[in-house]
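The values are calculated or read from the model by the stated rules, or taken from the named source; none is laboratory data. None of the values given here were measured: they were computed from a predicted structure. When we count neighbours, we look across all protein chains shown, and the Cβ atoms used for this are built from the backbone with ideal geometry, even at glycine. Note: areas computed on protein heavy atoms with side chains; ligands, DNA, RNA excluded. Shrake-Rupley method; radii C 1.70, N 1.55, O 1.52, S 1.80 Å.
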Amino acid sequence: MRRNFSRSKLVRLLIDLTHIQADDNKQDVAERLSQWLDAFSTVRLDGALQSIKAFAAQNRAGGCITPPTEANHALAQLKAKVTNSITAGATLIAARQSQSGEVDYAPYYQRYQELQRSMESQVAALRNQVRQALTQSTSPLIQLAALDSTLEQMFSAREQKLWASIPVLLEKRFEQLRGAPQQDNWPTVFSRDWQAILLAELDERLQPVVGLIEALASETSTQP
């Protein structure tokens, strides 16, 4: 395994925009993953892995694989829908604050949380939809779907805490720009940064889905 994680676009943006302290972590994947698991979660994961291995031993025959076309289409639709919501939200907030003459972070914070809730529900639904497609195919994909479901349940609470910290960090960026000398267009700059962070978060949330679809496409390409 690689010794270091490549920083995602979301993490890079947060570091660049808010000047938070970057963690130059030298731990490998297993060491970092262990920090997310308590004793109960470790036992649960081990049990899930043993069940998946037992299933694989009993089900070696391949099944009929559903082409990933439908999943890719659903993924593109979701990204387009959320992207439009992000752009519309930024435009609405900017228009209201321009009319009132008061630039405040509260509307951005509230709208960010609303968009996070929307992303959470839509991405979870799509992830489950893709898992269902995997369970109708070959043994390896069925195993992957089972493992992904287990990992989603185990890491959900930890992930929610991390997502919730992002709009808090963005307030720091808001105050930095507002306090910067000779920068009259700072509300426009912040609105652009706000949108960029949300789009990066969407991409990050979709990574498990993308991985499942890629696995489905890879398995499809190997079939006669």
Hey, could you get me the Stokes-Einstein D for segment 138-221, Kirkwood radius over alpha-carbon pairs, 20 °C and 1.002 mPa s, rounded to whole µm² s⁻¹?
136 µm²/s
Given the protein chains as shown and a 1.4 Å probe, how many square angstrom of V210 are accessible, to the nearest 10?
40 Å²
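Per residue, how much accessible area does segment 116-159 have with a 1.4 Å probe, in Å²? Mind dumping the intermediate values first?
Values: 1960 Å² over 44 residues.
Here the residues of segment 116-159 average 45 Å² of exposed surface.
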For E214 and A88, what does the FRET efficiency come to when R0 = 22 Å and r is the distance between their Cβ atoms, rounded to the nearest 0.05?
0.15
Debye intensity ratio I(q)/I(0), log10, segment 77-152, q values 0.12, 0.14, 0.15, 0.16 Å⁻¹ (C-alpha model)
-0.51, -0.61, -0.65, -0.69
Label-point separation in nm, A125 to E175, each point 7 Å along Cα→Cβ:
3.8 nm
Full-stretch length increase - Q99, W186 - with 0.36 nm per residue and alpha-carbon distance subtracted
29.7 nm
Excluding ligands, DNA and RNA, the carbon-plus-sulfur percentage of the accessible area of segment 108-224 with a 1.4 Å probe reads 51 percent
Cβ-defined net charge surrounding R205, 13 Å radius [Lys, Arg +1; Asp, Glu -1]
-2
Just reorder D184, D203, D148 by solvent-accessible area, largest first, 1.4 Å probe, all chains present.
D184, D203, D148
In Å, descending, principal axis extents of the Cα set of segment 113-171
47, 19, 13
